[in-house]
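The values are calculated or read from the model by the stated rules, or taken from the named source; none is laboratory data. For clarity, every value in this text was computed on a predicted model and none was experimentally measured. Here the Cβ positions follow ideal geometry from the backbone for every residue, glycine too, while neighbour counts run over all protein chains shown.
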Amino acid sequence: MKRFRIREEMNGVDEPPGKVWFWELESAVIEAERCVQCGTCVAVCPSNSLAVNAASGLPELVKMCTGCSLCWDFCPRGGLRYEATWPKEEAGELLRGPVGEGLGVVVDALAARVRPERGLAGAHAQDGGVVSALLVAALEAGDIDGALVAREDPRTPWRAVPFLATSAEEIREAGGSFYNQTLALAALDLERAGLEPDARIAVVGTPCEIQGIRALQSRAWRRGASRPDAVVLTIALMCTKSFDYRRLMLELVRGERRVPLERIGKVDVVRGRFLVFGHDGALLLDEPVKHFHSAALKGCDECADFLGRGADLSVGSVGSADGYSSVLVRSAAGERAIARLRPALEVTELSDPDALRRLDALDKRVASAALARPFEVDGPLFIDFAEHVAAYADTERAPVWLGR
């Protein structure tokens, strides 16, 4: 098996067995264009040797790699068997199926929107404003001290960046949907956000980011600046694909469709349509989302977790009427968060729960075609690097060694 042996290149000394270096993660995931930009590798690095490249938006080595192997082990497209992070416990009866089937562990399912007069969600909220309102209610009750969310980069229109909000105003300002990944878990640094070491936070993220958090929390040891143990509430945004900002917004929306980014007030994906609205609510673009799949992250095809099975709450627009959010409550923490907000919500049943099952089944079919390794819900959490290379070697997703 061909692999990059940094010790041999430096001084001819054989490295200790079992080490995996960042360069091997880079070859197998980043250079192979399989990175889903979750930021788990940055969060797990014990020496703070990884960071996000400002130009590419991808993880890079900024200090010496120690060969600890953790960036490989915890990467959802590398050494992490992400499906093994899904909860195994059965809970409740509503819409629940066996692990890996049905909708996963669900203790309640509902469609909800925030009552406008309560003022919890903010002007930018989307699909009923439930996520923003949940975070504001939890913050005001003292359940959390901050929330890791995505907000617009003040220097780059419609490019989302991670932000650890510590006030209700900051949470409301960050409302609305973006469709590029932010490497959110690279921002799990409480000190940088001005929070105390014992602070508790919520995380709103895509399913792959929740997978990373669950894996990090399952293996407790000292890391670098990141604090995954501070996360007490996770909200997964139902997701089939994330997009590369440059390809989606700059090349396809602004370049090919001639929609100036400064005119855009809202972007949404509803019932398979990619919708762009102006600040005045006027429809600027309406096309099938499949027309934009060339901008999707290649690694998203390997994910069978549209529903965010490992989160405390899964939230999306599929399965509910326009203006409502579909909410799957999966844990005691999720139940508490919804119970606290319930008086401020208009709640009804999901209008089309089968739509969730259908899209989840489609997501799994796509993943089964893209995944070269076995899909094992009950398999071990980590995948050996040699096993990965053997599985992917003869595929279009094989490691790219760049002459090493």
> Are any residues in the range 316-341 assigned to a helix (DSSP H, G or I) and within 18 Å of the chain's Cα centre (by Cα), and if so, which ones?
Replying inline: Gly334
> What pairs come up if the first residue lies in the range 202-216 and is touching a residue at least 24 places away in the same chain (Cβ under 8 Å) and surrounded by 24 or more Cβ atoms within 10 Å (Cβ to Cβ), the second is charged (D, E, K, R) and not in a helix (DSSP H, G or I), and their beta carbons are under 7 Å apart, counting only those six or more places apart or on different chains?
Replying inline: Pro207/Asp305; Gln211/Asp305
> Out of (1) surrounded by 15 or more Cβ atoms within 10 Å (Cβ to Cβ); (2) at positive phi, the odd one out for Phe277 is which?
Replying inline: (2)
> Can you spot a residue in the range 294-310 that is surrounded by fewer than 14 Cβ atoms within 10 Å (Cβ to Cβ) and in a loop (DSSP other than H, G, I, E, B)?
Replying inline: no
>> Tell me the residue from Glu60, Glu33 that is part of a strand (DSSP E or B), modelled with pLDDT of 95 or more and over 20 Å from Leu148 (Cα atoms), please.
In response: Glu60
> Which residue pairs have Cβ atoms closer than 9 Å, lie 6 or more positions apart in sequence or on different chains, and pair a first residue in the range 258-277 that is closer than 17 Å to Gly175 by Cβ and among the basic types (Lys, Arg) with a second residue that is at pLDDT 90 or above and not in a loop (DSSP other than H, G, I, E, B)?
Replying inline: Lys266/Leu275; Lys266/Val276; Lys266/Phe277; Lys266/Gly278
> Which numbered condition trips up Tyr179, out of (1) buried (at least 22 other Cβ atoms within 10 Å of the Cβ); (2) of a type in the set (Ser, Thr, Tyr); (3) within 16 Å of Leu233 (Cα to Cα)?
Replying inline: (3)
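When you scan the range 124-232 for helices (runs of 4 or more DSSP H) that lie fully inside it, which ones turn up with 3 or more residues that are of a type in the set (D, E, K, R)?
168-173
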> Is the range 25-36 home to any residue that is surrounded by 18 or more Cβ atoms within 10 Å (Cβ to Cβ), touching a helix residue (DSSP H, G or I) at 6+ places or on another chain (Cβ under 9 Å) and within 23 Å of Asp229 (Cα to Cα)?
Replying inline: yes
>> Given the criteria modelled with pLDDT of 95 or more, farther than 30 Å from Val267 by Cα and more than 23 Å from the chain's Cα centre (by Cα), does Val20 qualify?
In response: no
>> Taking the criterion of being touching a Leu at 6+ places or on another chain (Cβ under 6 Å) and surrounded by fewer than 22 Cβ atoms within 10 Å (Cβ to Cβ), would at least one residue in the range 245-256 satisfy it?
In response: yes
> What number goes with the only condition from (1) at pLDDT below 65; (2) over 30 Å from Ala361 (Cα atoms); (3) outside any helix (DSSP H, G or I) that Met10 does not pass?
Replying inline: (3)
> Out of the range 152-181, which residues are of a type in the set (A, V, I, L, M) and free of Cβ contacts under 8 Å to residues at least 60 places away in the same chain?
Replying inline: Val161, Leu164, Ala165, Ala168, Ile171, Ala174
> Of the numbered conditions (1) under 23 Å from Thr182 (Cα atoms); (2) touching an Asp or Glu at 6+ places or on another chain (Cβ under 9 Å), Arg257 satisfies every one except a single condition; which is it?
Replying inline: (1)
> Right, Val329: buried (at least 20 other Cβ atoms within 10 Å of the Cβ) and either in contact (Cβ under 8 Å) with a residue 40 or more places away in the chain or of a type in the set (A, V, I, L, M) (or both) or not?
Replying inline: yes
>> Restricting to the range 257-274, count the residues that are of a type in the set (Asp, Glu) and surrounded by 13 or more Cβ atoms within 10 Å (Cβ to Cβ).
In response: 1
>> So, in the range 245-273, exactly how many residues are within 24 Å of the chain's Cα centre (by Cα), among the basic types (Lys, Arg) and not in a helix (DSSP H, G or I)?
In response: 3
